[in-house]
1. Can you tell me which residue in segment 16-30 is nearest to Ala3 (Cα to Cα), limited to those that are touching a strand residue (DSSP E or B) at 6+ places or on another chain (Cβ under 9 Å) and open to solvent by less than 50 Å² (accessible area, probe 1.4 Å)?
2. Residues of segment 31-48 being open to solvent by 50 Å² or more (accessible area, probe 1.4 Å) and over 12 Å from Asp65 (Cα atoms), which ones?
3. Considering every residue within segment 62-71, establish whether at least one is outside any helix (DSSP H, G or I), of a type in the set (Val, Ile, Thr) and at pLDDT 90 or above.
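The values are calculated or read from the model by the stated rules, or taken from the named source; none is laboratory data. Everything numeric in this text was worked out from a predicted model, so none of it was measured. Cβ: placed from backbone, ideal geometry, glycine included. Neighbour counts: every protein chain shown. These accessible areas exclude ligands, DNA and RNA; they are computed on the full protein's heavy atoms, side chains included. Shrake-Rupley method; radii C 1.70, N 1.55, O 1.52, S 1.80 Å.
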Amino acid sequence: IAALTSLVVLDLGANDLTGPIPSEIAALTSLTYFYLANNALTGPIPAEVCNLQNSPSFYLQADCDICGTPTISGCCDYCYN
């Protein structure tokens with residue numbers, strides 16, 4: 001998936017995905033919408049993925065239990081507002 005550098009939208013919601021979110025997602029530098037909610041993912045969202053939020057149009061939504069506390073560089077702020 002890391003080779004898809006022009007990918008803009010990645011909607012993986014409600015797919016019963018398990019395991020951690022791979023840090024390789026951060027290679028998707030054109031990504032503006034990343035939807036992961038309604039899965040069974042584990043572990044925190046990798047800091048590399050949270051760093052994609054430096055793009056003014058990047059949007060990440062995931063289940064709040066994988067966001068971690070405290071959040072990494074503001075990642076998943078919507079879980080705690």
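1. Leu28
2. If the condition is that a residue be open to solvent by 50 Å² or more (accessible area, probe 1.4 Å) and over 12 Å from Asp65 (Cα atoms), then Tyr33, Glu48 are the ones that fit.
3. Of all residues in segment 62-71, those outside any helix (DSSP H, G or I) come to 62-63, 67-71.
Next cut, of a type in the set (Val, Ile, Thr) only: 69, 71.
This time we only want the ones that are at pLDDT 90 or above, so: none.
No, that holds for no residue.
This table checks each residue for (1) in a helix (DSSP H, G or I); (2) farther than 14 Å from Phe58 by Cβ; (3) basic (Lys, Arg); (4) out of contact with any Cys (no Cβ under 9 Å at 6 or more places or on another chain).
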position: Ala2; (1), (2), (3), (4): no, yes, no, yes
position: Ser6; (1), (2), (3), (4): no, yes, no, yes
position: Leu10; (1), (2), (3), (4): no, no, no, yes
position: Ala14; (1), (2), (3), (4): no, yes, no, yes
position: Ile21; (1), (2), (3), (4): no, yes, no, yes
position: Glu24; (1), (2), (3), (4): yes, yes, no, yes
position: Ser30; (1), (2), (3), (4): no, no, no, yes
